[in-house]
Amino acid sequence: MKILNLKPLALITLAAVLLSSCSGLQKMKKNANKINFKTTPEVLETNAGNVNVAVDGRFPAKYFNKKATMVATPVLKYEGGEKAFEPITLQGERVDANNTVISYANGGSFAYKNAVPYNDQMRMSNLEMRITASKGKKSVDFAPISLAP
């Protein structure tokens, strides 16, 4: 009678589980350039002592992992510092939370509006989006995405 050695099979299964556990997040990070952002106004301006910004985002189909959560934070970078706006949290279809849901099959969109107080250092500034995606205990930081000068 032949005895099967299950150790190699167990190692292969374990490796597959470990690699696939964060592969969805890595795929999202790799394809971040497929997210379409539109900023209004396209060139930031001050109004009544505030820098107002509106960002509309669109995710393509088959991009957003069903079990992922994404925190997107617009950040105004300027000489001498930076100012973060309030973050927006987005989620996949299978996440139990009360955030904007992005469909895996169809993609989805979000709208964001906010303002920060203006100071003179912000005269020459750049708006960028900083994104962190998480799934379970794993999280991935995306490269900052420039939105507006």
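Observations
- Matching entry among Ser125, Ser146 (being under 20 Å from Glu42 (Cα atoms), more than 12 Å from the chain's Cα centre (by Cα), exposed (fewer than 15 other Cβ atoms within 10 Å of the Cβ) and hydroxyl-bearing (Ser, Thr, Tyr)): Ser146
- Within the set Val75, Val53, the sole residue that is out of contact with any Ser or Thr (no Cβ under 6 Å at 6 or more places or on another chain), at pLDDT 85 or above, aliphatic (A, V, I, L, M) and farther than 24 Å from Val140 by Cβ turns out to be Val53.
- Taking residues in segment 40-51 that are closer than 18 Å to Asn119 by Cβ and part of a loop (DSSP other than H, G, I, E, B), and partners anywhere that are among the β-branched types (Val, Ile, Thr) and at pLDDT 90 or above, the pairs with Cβ atoms closer than 7 Å and at least 6 places apart or on different chains are Leu44/Val51; Leu44/Val53.
- For segment 88-144, a residue qualifies if it is touching a helix residue (DSSP H, G or I) at 6+ places or on another chain (Cβ under 9 Å), within 27 Å of Val51 (Cα to Cα) and not small (Gly, Ala, Ser), and the qualifying residues are Val116, Ile131, Asp141, Phe142.
- Residues that are surrounded by fewer than 17 Cβ atoms within 10 Å (Cβ to Cβ), of a type in the set (A, V, I, L, M, F, W, C) and assigned to a strand (DSSP E or B), drawn from segment 77-115: Ala84, Val101, Ala111, Ala115
- Residue count, segment 59-76 (criterion: exposed (fewer than 15 other Cβ atoms within 10 Å of the Cβ) and within 24 Å of Glu42 (Cβ to Cβ)): 1
- Count of segment 101-149 residues, restricted to those that are of a type in the set (A, V, I, L, M) and in contact with a Gly (Cβ under 6 Å, 6 or more places away or on another chain), is 1.
- Residue pairs whose Cβ atoms lie under 9 Å apart, sitting 6 or more positions apart in sequence or on different chains, and linking a residue in segment 95-109 that is under 16 Å from Lys135 (Cα atoms) to a partner that is surrounded by 11 or more Cβ atoms within 10 Å (Cβ to Cβ) and of a type in the set (Asp, Glu), are Val101/Glu93; Ile102/Glu93; Ser103/Glu93; Tyr104/Glu93.
- Residues (of a type in the set (D, E, K, R) and over 15 Å from the mean Cα position of the chain (by Cα)) located in segment 39-61: Glu42, Glu45
- Ala133, sole failed condition from (1) among the aliphatic types (A, V, I, L, M); (2) part of a strand (DSSP E or B); (3) modelled with pLDDT under 95: (3)
The values are calculated or read from the model by the stated rules, or taken from the named source; none is laboratory data. Just so it is clear, the structure is predicted and the values come from calculations on it, not from any experiment. Please note: Cβ atoms are built from the backbone with ideal geometry, for glycine as well, and neighbour counts cover all protein chains shown.
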